[in-house]
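K.L.:
Before I ask anything, let me first share the structure, which is written out below as structure tokens.
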Amino acid sequence: MLREISQIPVVILCGGRGTRLKEETEFVPKPLVKIGEKPILWHIMKIYYAQGFKKFVLLLGYKGYQIKEYFHQYPIYHSDFTMRQGKTSEIIYHNRPDEDWEVTFVDTGLDTQTGGRIKKAEKFLKDGAFMLTYGDCLANVDLQKLLESHYASNKLATVTGVYPPGRFGEMVVSGGDVVSFAEKPPQSKHINGGFFVLGPKIFTALSGDPLLNFEKHVLPKLAEEKQLALYAHPGYWQCMDTLHDMELLNEEWQRGSASWKIWAD
């Protein structure tokens with residue numbers, strides 16, 4: 001029997017060091033790097049929450065305590081309130097955050113690889129299929145269709161395939177002259193877009209080795225065994241891998257053109 005979407009866990013890999021974004025990650029874990037006034041992790045969770053998902057499992061590693069602190073103080077960060085102090089203290093909230101999500105925090109080790117991190121969350125994920133994504137990618141993926149595609153495939157795992165944005169614009173040339181410039185075209189082959197559905201039997205493919213890498217060790221094996229389905233996403237997708245990516249996402253957010261924002265204010 002299929003579960004309601006609100007009961008399907010969304011697992012987010014939040015433990016990496018984010019070394020290619022060291023200008024920011026020297027001070028905070030990558031999922032807390034801000035897009036606008038909110039961490040990218042908040043944006044990712046809102047993509048899922050807007051489509052009915054309410055249970056989240058965060059796999060922590062590098063500076064994971066900061067992520068715990070952010071959510072522990074979530075009402076303070078996102079509310080107006082009055083604080084009364086004296087012999088006893090009291091906080092009176094004038095508004096509360098709208099999100100009634102449930103968040104589980106799992107410490108998976110500082111240097112554990114992605115496959116090892118997922119394995120450490122097994123006890124929270126035994127009841128059925130679950131979603132998996134990275135703590136640094138934004139997209140307007142239709143998650144209901146992704147789930148339906150996974151169930152129809154009858155495979156252990158489904159990966160969202162995306163066409164990454166091109167790095168460089170193109171010059172249009174005619175007769176030896178540059179006549180115009182074209183926007184950066186997307187690449188022509190799918191890459192791993194980081195929005196997965198995994199069946200509960202995926203744990204049979206995961207060892208307890210902390211060096212087990214999901215991308216290098218697990219996905220190729222699933223593909224070889226014909227247990228990895230593709231869900232092609234033709235829409236918006238952007239990762240935050242570098243400082244340039246962070247600036248690009250912030251520009252889109254500030255302009256009000258953030259395609260991943262599928263929720264109402």
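Derivation of every value follows stated rules applied to the coordinates shown; laboratory data play no part. Since the model is a prediction, treat every value here as computed from it, not as a measurement. When we count neighbours, we look across all protein chains shown, and the Cβ atoms used for this are built from the backbone with ideal geometry, even at glycine.
K.L.:
Taking loop as defined by DSSP and a crowding limit of 10 other beta carbons within 10 Å, which GluC sites (Glu not before Pro) in segment 35-115 fit?
P.N.:
Within segment 35-115, the qualifying GluC sites (Glu not before Pro) (loop, at most 10 other Cβ atoms within 10 Å) are GLU37.
K.L.:
Among TYR151, TYR62, TYR74, rank each residue by its count of other Cβ atoms within 10 Å, from fewest to most, as a rough exposure measure.
P.N.:
Result, fewest neighbours first: TYR151, TYR74, TYR62.
K.L.:
Hey, can you rank 196-209, 135-148 by average C-beta count inside 10 Å, highest first?
P.N.:
135-148, 196-209
K.L.:
Okay, moving on. Quick check on packing: order 8-15, 120-127 by the mean number of other C-beta atoms within 10 Å, highest mean leading.
P.N.:
Most protected by this proxy first, the peptides run 8-15, 120-127.
K.L.:
So which lysines pass the test for LYS34, namely a Cα distance under 20 Å, with those fewer than 8 places away in the same chain ruled out?
P.N.:
Reachable lysines: LYS22, LYS46, LYS63, LYS68, LYS261.
K.L.:
Let me ask something additional. Counting each DSSP H run of 4 or more residues in the chain as -39500 (n - 2.57), what helix-only mean residue ellipticity at 222 nm follows after dividing by all residues, to the nearest 500 deg cm²/dmol?
P.N.:
So the helix-based figure for the chain works out to -6500 deg cm²/dmol.
K.L.:
Another question, then. Distance in nm between label sites at GLU90 and HIS72, each 7 Å beyond Cα in the beta-carbon direction?
P.N.:
Here the answer is 2.5 nm between the modelled labels.
K.L.:
Further question: What relative contact order, as a whole-number percentage, does the chain give when Cα pairs under 8 Å and 6 or more residues apart are counted?
P.N.:
Across the chain, relative contact order equals 24 percent.
K.L.:
Per 0.36 nm of contour for each residue apart, how much would the distance between ASN154 and SER174 grow if the chain were fully extended, relative to their Cα-Cα spacing?
P.N.:
2.2 nm is the gain from fully extending ASN154 to SER174.
K.L.:
Pop a pseudo-label 7 angstrom from the Cα along the beta-carbon direction at both GLN51 and LEU248 and give the gap in nm to one decimal.
P.N.:
2.1 nm
K.L.:
Given N residues in segment 189-253, what is Rg(Cα) / (2.2 N^0.38 Å)?
P.N.:
1.43
K.L.:
What relative contact order, as a whole-number percentage, does segment 1-128 give when Cα pairs under 8 Å and 6 or more residues apart are counted?
P.N.:
Relative contact order, segment 1-128: 29 percent.
K.L.:
Report, in cubic angstrom per residue, the convex hull volume of the C-alpha atoms of the chain.
P.N.:
Taking only Cα atoms, the chain has a hull volume of 174 Å³ per residue.
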